[in-house]
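Taking it in order: structure first as C-alpha cells, then the write-up.
The values are calculated or read from the model by the stated rules, or taken from the named source; none is laboratory data. Nothing here was measured: the structure is a model prediction, and the numbers come from that model. A quick note on method: Cβ atoms are made from the backbone with ideal geometry, for glycine too, and the neighbour counts reach across all protein chains shown. In case anyone asks, the SASA skips ligands and DNA or RNA and just uses the protein heavy atoms, side chains included. Shrake-Rupley method; radii C 1.70, N 1.55, O 1.52, S 1.80 Å.
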Amino acid sequence: MTPRENLLRALPDVANEPNPHQAGLRKVGALDWVGMDGIDLPIMLTDRDGVTTRSAARVSAAVDLERSEVRGIHMSRLYLLLDQHLSSEALTPCLLRRVLRDFLDSHADLSTHASVRIAFDQLLRRPALRSDNSGWKSYPIAISARLDGNDFQLELQCRVVYSSTCPASAALARQAIQDAFAKRFARADTLNFDDVSAWLGSEQGIVATPHGQRSAADVRVRLTAGFEFPIVDLIDLIEDAVQTPVQTAVKRDDEQAFAVLNAQNLMFCEDAARRIQRALDGDERFADFWLRATHYESLHAHNAVAIASKGIGGGYGADETLLLLGE
C-alpha cells in the first residue's frame, strides 16, 4: 500500500459517526432538507435557435435525512454530481431529473427526496420601440426541481420589470387640464385651432401629469410534463400582457412611443396582475402558477401589491420573491 493510500485510509469521516444529539430524540431527529446554497457553477443553455451558450449560475442542492441516528449527509457527492452534469450538458428537464436521481442513488440509505434550484440571469437583446436601435436587458431566472420517489416537479421563476401609470392619477390630471383649458379659453367667442394647438404644446397646457412608477412582475410557474424550459417565451408572455416593459436603447422617438404606450395601458397593480393571470391561465405549458405584481409607488413611500395564483401556495409577503433572487 502506498503512503497516499495509507493517508486516505486514515482520514476520518465524522458524518458516518452516530448522531451525538440522538439521545432522547424520537422521530424528531429526521431532517426535511440538508444541503448547500449559493454554489457557483456554470450552466449551458440552448436558445430557440438551437444555439448553446454557457452562463454563470448560483445553485442550491439538498436531500432529506430521514434516519435520525445518522449525523450527516455526503455533501461532496452532491457537489461533484452537479459539477459533472451541469458542466457538460445543456440544461433540460431530463437532465435535472437525472441529477436528482443521482442525488438519491448516492444517498440510498439516507434520503427519499431531493431538490435543486438554479438561479441565473437571462440576457436578451431587445429592440427599441421606434428607432433602429436595440439594447441588452437582464432578467433574473430561477429553475427549481424536486424528486419524491417517482414524482418529479419542475418550476420556473422570473422577474419582469415594467412601467405602470396610475389610472386614478391620470383621471385627476385630465381634469386639471380641462380646468386649465376652460380658464384659458372661457372668454373666447370662437376657438382658433392654432391657438389651441400652441397652448396644448406649452407647459401651461399640460398643467398636471399622472404619476407612474417602475414596477415588477414576479412569476412562478409549474411546468407541464413534456415541455422544455420556455424561459424566453414566459418573459415575452408577461411583457406582452403588461405592454409597458422597461426599455434599453432610447432615442426621443422611442421615449415618445413609450409615453403613448403608458397612456394606453393605465394600470393599477390589480390590472397588471389580472393581465398576467389571464395570459398564464391560457398556456398549456403551465400546470400551475403564482404571481406577484408590485408597483413601487412614486406618490407615497409604500408599495402597491397584487397576487394571483392557480393553486400553488404563496403568502402575501416578500418571501416568494426572495426565493427568486437567491436570498
Exercise. Taking a temperature of 4 °C and a viscosity of 1.567 mPa s, what whole-number D in µm²/s does Stokes-Einstein yield for the range 213-314 with Rh from Kirkwood over alpha carbon pairs?
Worked result: 88 µm²/s
Problem set entry | Proportion of all alpha-carbon pairs of the range 200-265 beyond 13 Å (%) | 75 percent
Exercise. In nanometres, what is the gap between the two model label sites at R67 and R98, each 7 Å from Cα along Cα-to-Cβ?
Worked result: 2.8 nm
For this session: Just read off the accessible area of T165 with the full protein assembly in place, 1.4 Å probe, to the nearest 10 Å².
Result: 20 Å²
Exercise. Got a sec to turn the phi values of the range 48-58 into Karplus ³J(HN,Hα) couplings, 6.51 cos²θ - 1.76 cosθ + 1.60 with θ = phi - 60°, whole Hz, x for Gly and Pro?
Worked result: 5, 8, x, 8, 9, 10, 9, 10, 7, 9, 10
For this session: Would you please state the base-10 log of I(q)/I(0) at q = 0.12, 0.15, 0.22 1/Å for the range 166-240, with intensities from the Debye formula using one equal scatterer on every alpha carbon?
Result: -0.58, -0.68, -1.01
For this session: Mind listing the long-range amide H neighbours of Q122? Cut-off is under 5 Å, sequence gap 5 or more, other chains count too, H placed in the peptide plane at 1.01 Å from N.
Result: Y139, I141
Seminar exercise, completed: Expected max-MSF residue from D194, D233, D40 in the GNM of the chain (alpha carbon, under 10 Å) is D194
Exercise. So, in nm, how far is label V196 from label E284 when the simple model puts each one 7 Å beyond its Cα toward the Cβ?
Worked result: 5.3 nm
Seminar exercise, completed: The ratio Rg/Rh over the Cα atoms of the chain, Rh being the Kirkwood inverse mean 1/r radius, stands at 1.15
Seminar exercise, completed: Between D121 and D240, the two model label points (7 Å from Cα along the beta-carbon direction) sit apart by a distance in nm of 2.7 nm
Exercise. Please state the equivalent ellipsoid semi-axes for the range 74-135: what are the square roots of 5 times the Cα gyration tensor eigenvalues, largest first, in whole Å?
Worked result: 38, 10, 10
Exercise. For the range 37-106 and the range 141-216, what is the separation of their Cα centres, given in Å?
Worked result: 44 Å
Problem set entry | Evaluated over the range 66-179, the Cα radius of gyration and Dmax, each in Å | 23.4, 78
